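Peer 1: Have a look at this one before I ask anything.
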């Protein structure tokens, strides 16, 4: 793996010294940006010079402005008319919240320009996104999955993308977006400037950079290091007492805006519900929540109408709450790097922050891994007064929750029992039918003993037992297949004499006992029957064409005479002669086979090719 060149670290006190145009400098000044952050000081000059950049920077270091400001500057330097479905800069983000935050920031940076942005992600109606994409845009901020949906529907054309920005690339790899990224890159132009921002420089990230970046420069800022503005503390407490300590920390200290992190989604839901019972306005946000619910909860938390926001790690990246004072780790993350992203929600933009971790006995190994990553020891305090069992109110609440769950399960069982009772059993249905038939028989006077009549009526014929050898049974039903006898004809061209055949399906043996309802023996079965046909009959002219018949008959009258003579003396016609010689192949070659429309089942196509002379295959519907 090649080593990446590093750019020189220059100290710049003003954005105007970075070579940005006046419209961009005025926009960031209006936002309160005074001095560029280290990542901005190193990345912006490299991007303005046209180089690809691979930057390692934590959240809260100003990396959005680091890639957005130089791209805006280059767009203003080379303006283009906006074309339908075309995109100039593509920004990929792993989560919806991060994509929305990037879109909000870029809109603010473009406030004094005519550049526009389009935001697309899943979980919302696709039609407004499609309408916006069809008009074209300068910045497209998207999550990989929804972008591929639009590309598959031809709603967007990525062939003229000039800038590709991969934000939180390590997070996208962790979430399994690598295949989507590869599919998206194939849709882009090879002549583009690529920017990749990641929290770490792992082997996977460097391999990805080797694939998509052209001789990039490396920018690395404070690898896996928490902000110095964040004060951290940890409390050792039993797992069953965590809820009580969390409530007391929020209420006693009068914290009005707290972000709480959990590992599991159901834990977030339960904790938010419990805080609501304690009189604290709370909401949960995680991957199972709809996008509208997540947006509503986040908006309420930002305007402080929601006091506590309980989130999983999906919200650890991309949440930018201005001046967030407190972050609480209700459960420590399984991955040490996620701890840095969690507490990175506070201590941003020069505002001090406070991070608290509640550590149970089974989480002390996770705390050690975090300390090893930070190369810093976190003071673990013991929560005094929280030993033993929880207080009565929390115990009562837990019992009430368990009782409610039990009632819910019992209600579900009762509904299932009721459904089974309402649906009568088969034996009960049979009894009802039995009684109804008896009453009808008595009313009609069909028998002096209706019970006996009914029993005889429904008694099933016993199945015939299989024996070693049984004589073949001759079927006398009208479904019997008839033997062809082409020498004996009736006036209508059909057989005049039928010969009963032995039905092989009625031969019973041990290996195959007789069954009622054998396929092919019912009235609805369609089967082939052999019948002699007159090739000169008008109804058969579509099958036996005159030019293909034996003999060169020149007139209809002569055909009629010969046909009558052949009937009288079948031995003298050509059919009989060929039959005596045993040369049926010649006859078969002179008779044109019927088209497929003559019969409706393709199973008999193979049978029709072996017909005797003068015979056609007919389908009879019994």
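The values are calculated or read from the model by the stated rules, or taken from the named source; none is laboratory data. Source: prediction; values computed, not measured. As a convention, Cβ positions derive from the backbone with ideal geometry for all residues, glycine included, and neighbour counts pool all protein chains shown.
Peer 1: Restricting attention to region 319-326, does a residue exist that is under 25 Å from residue 201 (Cβ atoms) and assigned by TED's automatic domain parsing to the domain that holds residue 374?
Peer 2: There is at least one residue in region 319-326 that is under 25 Å from residue 201 (Cβ atoms) and assigned by TED's automatic domain parsing to the domain that holds residue 374.
Peer 1: Is there a residue in region 334-353 that is under 22 Å from residue 273 (Cβ atoms), under 39 Å from the mean Cα position of the chain (by Cα) and surrounded by fewer than 20 Cβ atoms within 10 Å (Cβ to Cβ)?
Peer 2: Scanning region 334-353 turns up no residue that is under 22 Å from residue 273 (Cβ atoms), under 39 Å from the mean Cα position of the chain (by Cα) and surrounded by fewer than 20 Cβ atoms within 10 Å (Cβ to Cβ).
Peer 1: Scan region 272-313 for residues that are in contact with a helix residue (DSSP H, G or I) (Cβ under 9 Å, 6 or more places away or on another chain) and on the phi > 0 side of the Ramachandran plot and jot them down.
Peer 2: 279
Peer 1: Quick one: count up the residues across region 356-411 that are touching a residue at least 40 places away in the same chain (Cβ under 8 Å), part of a loop (DSSP other than H, G, I, E, B) and exposed (fewer than 10 other Cβ atoms within 10 Å of the Cβ).
Peer 2: 1
Peer 1: Here's another thing I want to ask about it. Of 66, 169, 111, 99, which residue is surrounded by fewer than 20 Cβ atoms within 10 Å (Cβ to Cβ) and assigned by TED's automatic domain parsing to the domain that holds residue 34?
Peer 2: 111
Peer 1: Continuing with this model, one more query. Output the number of residues of region 169-190 satisfying the condition of being in contact (Cβ under 8 Å) with a residue 24 or more places away in the chain, assigned to a loop (DSSP other than H, G, I, E, B) and either in contact with a strand residue (DSSP E or B) (Cβ under 7 Å, 6 or more places away or on another chain) or under 17 Å from residue 158 (Cα atoms) (or both).
Peer 2: Here the count works out to 3.
Peer 1: Further, regarding this structure: At least 2 residues that are closer than 22 Å to residue 373 by Cα in each: list the helices (runs of 4 or more DSSP H) lying fully within region 239-355 that qualify.
Peer 2: Of the helices (runs of 4 or more DSSP H) lying wholly inside region 239-355, those with at least 2 residues that are closer than 22 Å to residue 373 by Cα span 336-343.
Peer 1: Kindly evaluate residue 84 against the criterion of being out of contact with any helix residue (DSSP H, G or I) (no Cβ under 7 Å at 6 or more places or on another chain) and over 27 Å from residue 230 (Cα atoms).
Peer 2: Spelling it out, it is not the case that residue 84 is out of contact with any helix residue (DSSP H, G or I) (no Cβ under 7 Å at 6 or more places or on another chain) and over 27 Å from residue 230 (Cα atoms).
Peer 1: Take residue 39 and tell me if it is buried (at least 23 other Cβ atoms within 10 Å of the Cβ), farther than 21 Å from residue 210 by Cβ and at pLDDT 90 or above.
Peer 2: no
Peer 1: Would you mind telling me which numbered condition in (1) surrounded by 10 or more Cβ atoms within 10 Å (Cβ to Cβ); (2) modelled with pLDDT of 55 or more residue 455 fails?
Peer 2: With respect to (1) surrounded by 10 or more Cβ atoms within 10 Å (Cβ to Cβ); (2) modelled with pLDDT of 55 or more, residue 455 is out only on (2).
Peer 1: Which one of these does residue 380 not meet: (1) under 19 Å from residue 267 (Cβ atoms); (2) touching a helix residue (DSSP H, G or I) at 6+ places or on another chain (Cβ under 9 Å)?
Peer 2: Failing condition for residue 380: (1).
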